[in-house]
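The values are calculated or read from the model by the stated rules, or taken from the named source; none is laboratory data. Treat the numbers as computed from the prediction; the structure is a model and nothing was measured. Here the Cβ positions follow ideal geometry from the backbone for every residue, glycine too, while neighbour counts run over all protein chains shown. The accessibility values were calculated without ligands, DNA or RNA, using every heavy atom of the protein model including side chains. Shrake-Rupley method; radii C 1.70, N 1.55, O 1.52, S 1.80 Å.
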Amino acid sequence: MIRFENVSVTYDGAPEPTVRGVDLTVPEGELVLLAGPSGVGKSTLLGTVGGLVPHFTGGTLRGRVTVAGRDTRTHKPRELADVVGTVGQDPLSHFVTDTVEEELAYGMESLGLAPAVMRRRVEETLDLLGLAALRDRPLATLSGGQQQRVAIGSVLTPHPSVLVLDEPTSALDPAAAEEVLAVLLRLVHDLGTTVLLAEHRLERVLQYADRVALLPAPGAAPVLGTPADIMAVSPVYPPVVGLGRVAGWSPLPLTVRGARRRAGELRARLTGKEPDHRRPAAVLPPTPAPASRPAFPRWRRRPAAPAPTAPAPPAEVRALAVRRGPVQALRRVDLTVSPGETVALMGRNGAGKSTLLNTLVGLVEPATGTVRVGGAVPHRTPPRDLVRRVGLVPQEPRDLLYADTVAAECAAADRDASAAPGTCRALVTDLLPGITDDTHPRDLSEGQRLTLALAIVLTARPPLLLLDEPTRGLDYAAKARLVAVLRELAAAGHAIVLATHDVELAAELAHRVVLLAEGEVIADGPTAEVVVSSPSFAPQVTKILAPQEWLTVSQVREALR
C-alpha cells in the first residue's frame with residue numbers, strides 16, 4: 001500500500017538529509033509503528049506519505065514514495081486526500097472550522113459526499129471516540145487531549161485507506177489512548193485500513209503493532225522487523241522491555257500480561273526488599289537568627305520583635321472555582337505545594353489540569369476562592385514580578401518562541417533571567433544534544449521545540465515551575481535527562497507541578513499525585529499510594545510486579561544490585 005524507494009529528504013539550508021536511504025514497504029491492512037529517538041526524522045518520513053513533504057514544507061525529496069499506486073512527487077496533498085488521512089503532532093494546525101461536529105464533517109464536504117452519508121459517519125465517529133457530549137463545543141474551548149481526538153476523528157470520517165498519525169496518543173489520558181488505539185485496531189482488522197504511526201510512548205502502542213520500523217539515528221536507514229526483533233536491538237524501549245532486560249528474560253516480553261506470566265521468580269528475588277519511594281526533602285529558606293538587643297533600661301526598651309513568620313509556600317490554593325464559558329472547569333480545589341516537592345496533576349482529558357496551571361500563573365482569574373504563589377495573587381501581580389515566582393511551560397511550546405534561531409532564543413532567555421551568558425544553551429544541550437545554534441525554532445521537531453521552551457523557562461530557575469504535558473515528543477533518553485534536571489531543581493528547593501498523562505513520568509519523578517475529575521480533586525497522596533491503587537494510572541512495572549509496590553525499572557535495578 002505504501003512504498004518507499006531509496007527516499008531521502010533534505011530541507012533548504014540543511015547540511016545533511018533529515019532522512020536518508022529509506023527503502024521499505026508497508027503492506028495493506030497492517031499497523032506499522034515508526035520508532036526512534038527525538039529528531040531522527042520520523043515526522044518528515046510520515047509527511048512524505050500524504051505529500052506534505054515536500055509540497056507544503058519545501059526541501060528536496062529524492063527517491064520515490066507511492067501510496068495506492070500514486071506517486072507523491074506528482075500528486076499534491078489534495079489529490080491524495082481521498083486515500084490518505086494525516087494527523088500531525090499539533091491538532092490546532094489542522095482545524096479549519098469552529099465546532100467539533102463541523103470539523104468532523106469538513107473532510108467529507110471537501111470530497112463531495114452525500115449529506116446522508118456525512119451525517120451517519122459523523123454520528124459513528126462521535127460514538128467511536130467518545131465525543132458525543134462535545135459535538136457543539138467550540139474547538140478553542142477543548143483541552144489538548146480532546147482536540148487530539150477531534151483531529152483523529154476528522155480524518156476517520158472520509159474513510160481513507162491509509163492513516164498516517166504522528167504521536168496520536170501524546171495528549172491523551174490512558175483510558176482515552178486505549179479507546180483511540182482500539183478504534184485503529186478495528187479499522188486495521190475489520191476494514192483492512194493501513195496505519196503508519198509514530199509514537200514515543202511505546203508502552204501504549206507496541207503490543208498492537210504488526211511491525212516496527214526503527215530509525216536508529218538521524219540520517220540512518222530504518223530497520224524493519226517484528227516488534228520482538230526490533231526491541232531486542234532498539235535504543236528506545238518501553239518499561240516492560242526494560243524490566244525484561246534487567247531480569248535477563250529471553251525473549252523479551254512486549255506486554256504486561258506476558259511479563260506477569262514470567263515474573264514469579266523476579267518477585268521472589270525482590271521479596272523482603274523495600275522500594276525506595278522518594279520523599280521530598282524539607283527544603284525551606286533558613287530563618288534568620290534574631291539580632292541581639294542592647295540592654296536598655298526598662299523605660300527605654302524597644303517593643304519585642306514579632307516572632308518570625310514561616311515563608312509563604314510556593315503555591316497555595318483554597319476553595320478554588322473557575323468557569324470557562326459554559327464549563328465549570330474547577331470546583332472547590334484545595335492544594336498546597338511545598339519547597340522541594342514535585343506534584344503530578346493527573347486525570348482524564350478535560351478534568352481541569354491545564355486550567356489549574358493557568359490559574360497559578362495568572363492567565364485565568366478565579367471565580368471564587370484564593371490562589372497565591374509565593375504569597376502573591378497571580379492575576380493581580382505584574383508580569384515582571386510574577387516571573388520571579390513562577391514559570392510555565394505550556395502544552396504549545398511555540399507560544400514561548402519568537403526569535404529566528406535557537407541561539408537568539410537562548411540569548412534572550414539569559415538576558416530576561418539575568419543569567420550568565422550560555423546558561424540556556426547549556427540546558428538545551430543537556431536535555432537534547434544535537435540542536436544547532438542557527439536552526440530556526442519552526443524547523444525543530446515537536447520534542448525539540450518543547451526542549452527549547454523548557455530550557456528558556458528553566459533558565460530563570462523560578463521557585464515554582466509549572467509544566468503542562470512536558471514529555472510530548474520526547475523519547476525515553478530525553479525524558480530521563482528531563483527527570484534528572486527536575487530532580488536537581490527539586491533538591492535545590494524548587495517546587496514543581498506538572499500536568500501529565502505520562503504515568504511512567506509520574507512514577508519516576510513525582511512525590512505526590514493529585515487526581516482530578518470533572519474539576520474536583522478526587523485523590524491526593526504519595527505517588528506509590530495513589531497510582532498503585534489505580535488500574536488506569538499504574539505504571540507498567542507496578543502492574544507486572546503487583547502486589548509488590550514497585551514503580552519503576554530503576555527501583556528494581558537498584559534492589560537487585
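Got a sec to turn the phi values of the range 255-260 into Karplus ³J(HN,Hα) couplings, 6.51 cos²θ - 1.76 cosθ + 1.60 with θ = phi - 60°, whole Hz, x for Gly and Pro?
Those phi angles translate into 10, 4, 4, x, 6, 4 Hz.
Compute the separation of the alpha-carbon centres of the range 477-555 and the range 314-384 and state it in Å as a whole number.
A separation of 20 Å, based on Cα centres.
Rolling a 1.4 Å sphere over the protein heavy atoms, what is the accessible area per residue of the range 381-426, to the nearest Å²?
Ligands and nucleic acids excluded, the result is 57 Å² per residue.
Could you state the accessible area per residue of the range 22-73 in Å², with a 1.4 Å probe and every protein chain left in place?
Here the residues of the range 22-73 average 34 Å² of exposed surface.
Going by Cα centres, the range 158-230 and the range 1-74 are how many Å apart?
That distance is 16 Å.
Apply the Debye scattering formula to the chain, with a single equal point scatterer on each alpha-carbon and no solvent, then give log10 I(q)/I(0) at q = 0.06, 0.08 Å⁻¹.
-0.32, -0.57
Summing Lys, Arg as +1 and Asp, Glu as -1, what charge do residues with Cβ under 14 Å from the Cβ of Leu126 carry, Leu126 excluded?
Local charge sum for Leu126: -2.
Fully extended, how many nm does the chain gain between Ala14 and Leu185 (0.36 nm per residue separation, minus their Cα-Cα distance)?
57.8 nm
What net charge is computed for the residues neighbouring Thr99, neighbours being all others with C-beta under 11 Å from the C-beta of Thr99, Lys and Arg scored +1, Asp and Glu -1?
-3
Across 10 Å bins from 0, what is the distribution of all Cα-Cα pair distances for the range 100-191, in whole percents?
In whole percents, the pair-distance histogram is 17, 52, 30, 2.
Just the number, please: carbon plus sulfur as a percent of the accessible area of the range 379-536, 1.4 Å probe, no ligands or DNA/RNA counted.
52 percent
Please give the calculated 222 nm ellipticity per residue for the chain, where each DSSP H segment of at least 4 residues contributes -39500 (n - 2.57) and the sum is spread over every residue; nearest 500 deg cm²/dmol?
-9500 deg cm²/dmol
Ala420 to Asp334: FRET efficiency via 1/(1 + (r/R0)^6), r the Cβ-Cβ distance, R0 41 Å, to the nearest 0.05?
Approximately 0.55, to the nearest 0.05.
Count of lysine pairs in the chain with Cα atoms under 21 Å apart, counting only pairs 8 or more residues apart in sequence or on different chains?
The number of close lysine pairs in the chain is 4.
Restricting to the chain, compute how many DSSP beta bridges are antiparallel as a %, nearest 5.
Antiparallel bridges make up about 50 percent of those DSSP assigns within the chain.
Could you work out how far apart the two model spin labels at Ala546 and His379 are, taking each label as a point 7 Å from the Cα in the direction of the beta carbon, and quote it in nm?
For Ala546 paired with His379, the spin-label model returns 4.0 nm.
Starting from the exponent 0.38 and prefactor 2.2 Å, build the expected Rg for the range 172-265 from its residue count and divide its actual Cα Rg by it.
1.15
Only four residue types carry charge here, +1 at the Cβ of Lys and Arg and -1 at the Cβ of Asp and Glu. Report the dipole size of the chain about the Cα centre in Debye, rounded to the nearest 20.
About 2220 debye.
Report the net charge of residues surrounding Glu518, where surrounding means a beta-carbon distance below 9 angstrom and charges are Lys +1, Arg +1, Asp -1, Glu -1.
Within the 9 Å Cβ shell, the charges total +1.
Can you name the helices of the chain, as whole DSSP H runs, whose Cα span along the helix axis is 15 Å or more and whose Kyte-Doolittle mean is not below 0.5?
174-191, 446-459, 476-491
Treating only the Cβ of Lys, Arg, Asp and Glu as charged (+1, +1, -1, -1), what charge dipole size does the range 99-166 show about its Cα centre? Round to the nearest 20 debye.
80 debye
Say each of Asp136 and Glu178 gets a label point 7 Å from the Cα, pointing the same way as Cα to Cβ; how far apart are those two points in nm?
3.2 nm
Along the charge dipole of the range 36-141, which of Val87, Ser38, Gly59 sits closest to the positive end, that is, farthest toward it, with unit charges on the beta carbon of Lys, Arg, Asp and Glu (+1, +1, -1, -1)?
Of the candidates, Gly59 comes out farthest on the positive side.
Label 7 Å along Cα→Cβ of Leu92; the range 397-427 residues with amide nitrogen under 11 Å?
Label zone hits: 397-400.
Roughly what would the spin-label model give for Arg388 and Val246, points 7 Å off Cα along C-beta, in nm?
Between Arg388 and Val246, the label points sit 4.3 nm apart.
Per residue, what volume in Å³ does the Cα convex hull of the range 426-546 take up?
Each residue corresponds to 125 Å³ of Cα convex hull volume.
Set the Förster distance to 25 Å, then compute FRET efficiency between Asp438 and Asp399 from the Cβ-Cβ distance, nearest 0.05.
Once the sixth-power term is evaluated, E becomes 0.65.
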